[in-house]
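Following: one structure in structure tokens, then a few remarks.
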Amino acid sequence: MTFKCGIHSGSFMAGVVGTSKFLFDVFGDTVNTASRICSSCIKNYIQLSNNTNDALLGKFHTKERGEIHLKGKGVMRTFWLIEEVSAGSTTVHQYESTEPVFVKMIDDEER
């Protein structure tokens with residue numbers, strides 16, 4: 001299985017939508033930006049916005065991808081998520097999340 005993942009940090013709104021069939025959804029520029037970052041991502045990488053990279057400093061190793069053009073957003077500086085930093089040591093390990101996060105992921109079946 002391959003994937004693409006874009007993560008952006010910022011404010012958003014969430015709520016239940018509908019009157020007969022209910023759906024929980026998230027809205028806002030942060031969600032749209034994460035989706036745009038995902039669209040420009042390379043398969044099997046997790047791409048971060050500058051805001052998210054700043055929030056992860058000291059917790060994760062990242063590598064600058066550089067500036068990319070996002071439709072409707074302009075030029076944005078992005079980073080690749082590489083590894084999680086282990087607390088109290090210089091050892092690192094590959095990041096495997098079991099926690100849900102607000103990201104836009106696309107697998108091959110959706111393309």
Item to check | Residue identified as under 14 Å from the mean Cα position of the chain (by Cα), at positive phi and either outside any helix (DSSP H, G or I) or at pLDDT 90 or above (or both) among Asn51, Asn44, Asn32 | outcome: Asn44
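Could you identify the single residue in Gly58, Gly6, Gly15 that is at pLDDT 90 or above and loosely packed, with under 10 Cβ neighbours inside 10 Å?
Values: Gly58 fails: at pLDDT 90 or above; Gly6 fails: loosely packed, with under 10 Cβ neighbours inside 10 Å.
It is Gly15.
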Checklist entry - Can you spot a residue in segment 22-45 that is exposed (fewer than 12 other Cβ atoms within 10 Å of the Cβ) and within 13 Å of Phe79 (Cα to Cα)? => result yes
Checklist entry - Looking at this structure, is Arg65 at pLDDT 90 or above, in contact with a helix residue (DSSP H, G or I) (Cβ under 8 Å, 6 or more places away or on another chain) and of a type outside the set (Asp, Glu)? => result no
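If we keep just the residues of segment 54-67 that are in a strand (DSSP E or B) and charged (D, E, K, R), which is nearest to Arg77 (Cα to Cα)? Before the answer, list the steps.
Filtering segment 54-67 for residues in a strand (DSSP E or B) gives 60-67.
Subset that is charged (D, E, K, R): 63-65, 67.
Values: Lys63: 11, Glu64: 8, Arg65: 8, Glu67: 4 Å.
Among them, the one singled out is Glu67.
Is it the case that some residue within segment 88-109 is outside any strand (DSSP E or B), polar (S, T, N, Q) and modelled with pLDDT of 90 or more?
no
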Item to check | Matching residues in segment 1-29 - criterion: being over 14 Å from the mean Cα position of the chain (by Cα) and not in a loop (DSSP other than H, G, I, E, B) | outcome: Met13, Ala14, Gly15, Val16, Val17, Leu23, Phe24, Asp25, Val26, Phe27
Item to check | Every residue from segment 18-56 that is among the hydroxyl-bearing types (Ser, Thr, Tyr), farther than 22 Å from Thr2 by Cα and in contact with a His (Cβ under 8 Å, 6 or more places away or on another chain) | outcome: Thr30, Thr52
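The values are calculated or read from the model by the stated rules, or taken from the named source; none is laboratory data. The model shown is predicted, which means the values in this text are computed figures rather than measured ones. Positions of Cβ are backbone-derived with ideal geometry, glycine not excepted, and every protein chain shown enters the neighbour counts.
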